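Structure first, commentary second.
No lab work stands behind these numbers, since they all come straight from the coordinates. Everything numeric in this text was worked out from a predicted model, so none of it was measured. So basically every Cβ, Gly included, is an ideal-geometry build from the backbone, and we count neighbours across all protein chains shown.
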Amino acid sequence: MAEAAAEITTHPVETAIDRLDDVVFVDVRDGPELDAKGRIPGSIHASRGMLEFHIDPESPYHIEEFVSGSELLFYCAVGGRSVLAAQTAQEMGLSAVANVEGGFEAWTEAGGPVEMAA
């Protein structure tokens, strides 16, 4: 985990909240976590287990936001899975990626907006 964290950019949660309108947030938690706790408004869901398929433009599971050119801020519950997700995205050729320090838990504790999953 420490090795992956050393290879990526991590933004403090306050910085991430300030950037809500100018980046794409990528939620890598599993579906039941979104249903139970909500998500960052406007975020896309790309569970950690399917991430490589969502990033790959040749995959039938590809999500267009991964090729939009926007900066991608990954988050999970507390920051572990999103560190690995950001590292994977970087290894797959995406350059504008970062992790949200402390994940969704830190986001809610800092008063970041939350919406319930549809």
Seminar exercise, completed: Between the residues 80, 55, 90, the Cα farthest towards the positive end of the dipole of region 2-109, that dipole coming from +1 and -1 charges on the beta-carbon of Lys, Arg, Asp and Glu, is from 80
Exercise. Considering only the other residues whose Cβ falls under 14 Å of the Cβ of residue 61, what net charge follows from Lys and Arg at +1 and Asp and Glu at -1?
Worked result: -4
Problem set entry | Net charge of Cβ neighbours under 15 Å - reference residue 80; Lys, Arg +1; Asp, Glu -1 | -4
Problem set entry | Shape call, region 2-109: gyration tensor on alpha carbons, a/c limit 1.5 | rounded
For this session: Calculate, for residue 58 and residue 7, the FRET efficiency according to 1/(1 + (r/R0)^6) with r their C-beta to C-beta distance and R0 22 Å; round to the nearest 0.05.
Result: 0.30
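Give a quick list of chymotrypsin sites (Phe, Trp or Tyr not before Pro) in region 20-118 that DSSP marks as loop, anything other than H, G, I, E or B, with at most 16 other Cβ atoms within 10 Å.
61
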Exercise. Nearest 20 debye, what's the magnitude of the dipole of region 2-109 about its Cα centre given +1 on Lys and Arg Cβ and -1 on Asp and Glu Cβ?
Worked result: 200 debye
Seminar exercise, completed: Ranked on Cβ counts within 10 Å of their own Cβ, fewest leading, 23, 67, 97 go 67, 23, 97
Problem set entry | Net charge, residue 107 excluded, C-beta distance under 14 Å - Lys, Arg +1, Asp, Glu -1 | -4
Problem set entry | Selected from 35, 27, 56 as most flexible by GNM, with the chain as the system and alpha-carbon contacts under 10 Å | 35
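Under the rule of -39500 (n - 2.57) per DSSP H run of 4 or more residues, summed and divided by the residues of the chain, what mean residue ellipticity at 222 nm is obtained, to the nearest 500 deg cm²/dmol?
Helices in the chain give a 222 nm mean residue ellipticity of -9000 deg cm²/dmol.
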Exercise. In whole angstrom, how far apart do the alpha carbon centroids of region 3-34 and region 74-88 sit?
Worked result: 7 Å
